[in-house]
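The values are calculated or read from the model by the stated rules, or taken from the named source; none is laboratory data. All figures in this text were calculated on a predicted structure; none of them were measured in a lab. All Cβ positions, glycine included, derive from the backbone under ideal geometry; neighbour counts span all protein chains shown. Surface accessibility is based on the protein's heavy atoms, side chains included, excluding ligands, DNA and RNA. Shrake-Rupley method; radii C 1.70, N 1.55, O 1.52, S 1.80 Å.
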Amino acid sequence: MTITKSNVQIRKEWDIVGARQMGRELAKDVGFGTVDQARIATAVSELARNIYLYAEKGQIIYEIIEDINKKGLKIIATDDGPGIQDVSKIMEDGFSTSGGLGAGLPGVKRLMDYFDIDSVPGRGTNIITVKWVR
Ligand SMILES: Nc1ncnc2c1ncn2[C@@H]1O[C@H](COP(=O)(O)OP(=O)(O)OP(=O)(O)O)[C@@H](O)[C@H]1O
Ligand SMILES: [Mg+2]
C-alpha cells in the first residue's frame, strides 16, 4: 500500500480557502468525479472552518491511499484547541445552527465514507475521514 501525504496549516480565515482548493485538487488527482470532488471540498472547508473558529489553529492532513484493490483520500483535521464536551450531542442532526451548505460535522459524516472523531476537552480534536474511489 502506498500513502502520499500533504498538509495545510489553518491559522487565518484565508487558509480555509486554500485547504478547500487542495482537497478538490487531490480528489481530482485520485480520480473522483466532479460531484465527489465537490463533496470532498465541502467536507474539507467545514473541518477547516471549525478549526479556525473554535481552535484558532490546526491542520488538515491529506493522505492518498492506494493498493491493488482500493484507492481513496483520507482527510485528517487536527488541532490542540479546547476540544468538544459532548461529541454525541454535536453529531445529532440539527445541532449546528448556521444552516449552511455543509451542515456541520453530521454533514461531513454524510459526505464521506468513513468518519471518526476523537476530542478531549482541554486537549484538542482529531477527526479522521475517508472517501473511497474504489
Ligand atoms: N475543532 C473544534 N474544536 C472545538 N470545538 C469544535 C470543533 N469543531 C466543532 N466544535 C464544536 O462543535 C460544534 C458543532 O460543530 P459543527 O461544525 O457541527 O456545527 P457549527 O460549527 O456550530 O455550525 P456550522 O458548521 O453548521 O456552521 C461547534 O459549535 C463547536 O462548539
Ligand atoms: Mg462548523
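Quick notes on this structure:
- Of residues in the stretch 56-105 being small (Gly, Ala, Ser) and surrounded by 19 or more Cβ atoms within 10 Å (Cβ to Cβ), the one modelled with the lowest pLDDT: GLY102
- Taken over the stretch 48-70, the criterion of being in contact with a Leu (Cβ under 8 Å, 6 or more places away or on another chain) and of a type outside the set (S, T, N, Q) is satisfied by ILE60, TYR62, GLU63, ILE64, ILE65.
- Reported count of residues in the stretch 44-67, each being aliphatic (A, V, I, L, M), part of a strand (DSSP E or B) and touching a helix residue (DSSP H, G or I) at 6+ places or on another chain (Cβ under 6 Å), is 2.
- Output for the stretch 6-42, where each listed residue is open to solvent by 90 Å² or more (accessible area, probe 1.4 Å) and in contact (Cβ under 8 Å) with a residue 24 or more places away in the chain: ARG11, LYS12, GLU13, ASP29, ARG39
- Only a single criterion out of (1) more than 26 Å from LYS5 (Cβ to Cβ); (2) surrounded by fewer than 16 Cβ atoms within 10 Å (Cβ to Cβ) is not satisfied by ARG123, namely (1).
So that you can scan it fast, the table gives a plain yes or no per residue for (1) under 17 Å from ILE117 (Cβ atoms); (2) within 16 Å of ligand 1 (Cβ to nearest atom):
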site: ILE3; (1), (2): no, no
site: GLN9; (1), (2): no, yes
site: GLN21; (1), (2): no, no
site: THR34; (1), (2): no, no
site: ILE40; (1), (2): no, no
site: LYS70; (1), (2): no, no
site: LYS74; (1), (2): yes, no
site: PRO82; (1), (2): yes, yes
site: LYS89; (1), (2): yes, yes
